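Engineer: Sharing a structure below in structure tokens format, with a few things to ask.
The values are calculated or read from the model by the stated rules, or taken from the named source; none is laboratory data. What you see is a predicted model; the values in this text were computed from it and never measured. No Cβ is skipped: glycine too gets one built from the backbone with ideal geometry, and neighbour counts run over all protein chains shown.
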């Protein structure tokens, strides 16, 4: 694990001195916030207006290493929504369809993060039981993540069964 106390603006400027864009950004920095592990951004309550929508981490940072996957799913759902409704309705439909899945991902990420910050006894117990738990429960416990069909809701709407 990196020593976060050792990371400061001077170190970053030295590390990126040969990179034009990062150097320019770091040179323009007027304030410095120390990096933290397991930092979670607050929920963004409004994902869209009538003409603008946030997708991926911009709208719902889940902090579980699933940012790119969620952004791709968002893009597919948004594209399907735009096929079946005007822009304002499509943006609202996209947000409604994605909220439950994103909430589940946020809950899963939180549980995973909490497990990583457990105390010494909890870490030892986790390390003892994890091999067994993974073998017995991993596939069933994560299938919701890997078998999700982002187009299912819009296929139903297109067939006249929803919205």
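Engineer: Determine which member of the set 115, 103, 133, 109 is closer than 17 Å to residue 45 by Cβ, modelled with pLDDT under 90 and part of a helix (DSSP H, G or I). Outline the logic, then answer.
Structural biologist: Numbers: 115 fails: closer than 17 Å to residue 45 by Cβ; 133 fails: closer than 17 Å to residue 45 by Cβ; 109 fails: closer than 17 Å to residue 45 by Cβ.
Criteria check complete, one pass: 103.
Engineer: I'm told residue 99 meets every condition in (1) under 16 Å from residue 152 (Cβ atoms); (2) within 11 Å of the chain's Cα centre (by Cα) except one. Can you identify the failing condition by its number?
Structural biologist: It is condition (2) that residue 99 fails.
Engineer: Taking region 53-64 as the region of interest, how many residues are part of a loop (DSSP other than H, G, I, E, B) and touching a helix residue (DSSP H, G or I) at 6+ places or on another chain (Cβ under 8 Å)? Spell out how you get there, then give the answer.
Structural biologist: Step one: of region 53-64, the residues part of a loop (DSSP other than H, G, I, E, B) are 54-55, 59-64.
Filter once more, keeping what is touching a helix residue (DSSP H, G or I) at 6+ places or on another chain (Cβ under 8 Å): 55, 59-64.
Residues in region 53-64 being part of a loop (DSSP other than H, G, I, E, B) and touching a helix residue (DSSP H, G or I) at 6+ places or on another chain (Cβ under 8 Å): 7 in total.
Engineer: Mind checking which residues of region 67-84 are surrounded by 17 or more Cβ atoms within 10 Å (Cβ to Cβ) and either touching a helix residue (DSSP H, G or I) at 6+ places or on another chain (Cβ under 7 Å) or without any contact (Cβ under 8 Å) to a residue 40 or more places away in the chain (or both)? Don't jump to the end; show me each part of the working.
Structural biologist: Filtering region 67-84 for residues surrounded by 17 or more Cβ atoms within 10 Å (Cβ to Cβ) gives 70, 73-74, 77-78, 80-82.
Within region 67-84, 70, 74, 77, 78, 80, 81, 82 meet the criteria.
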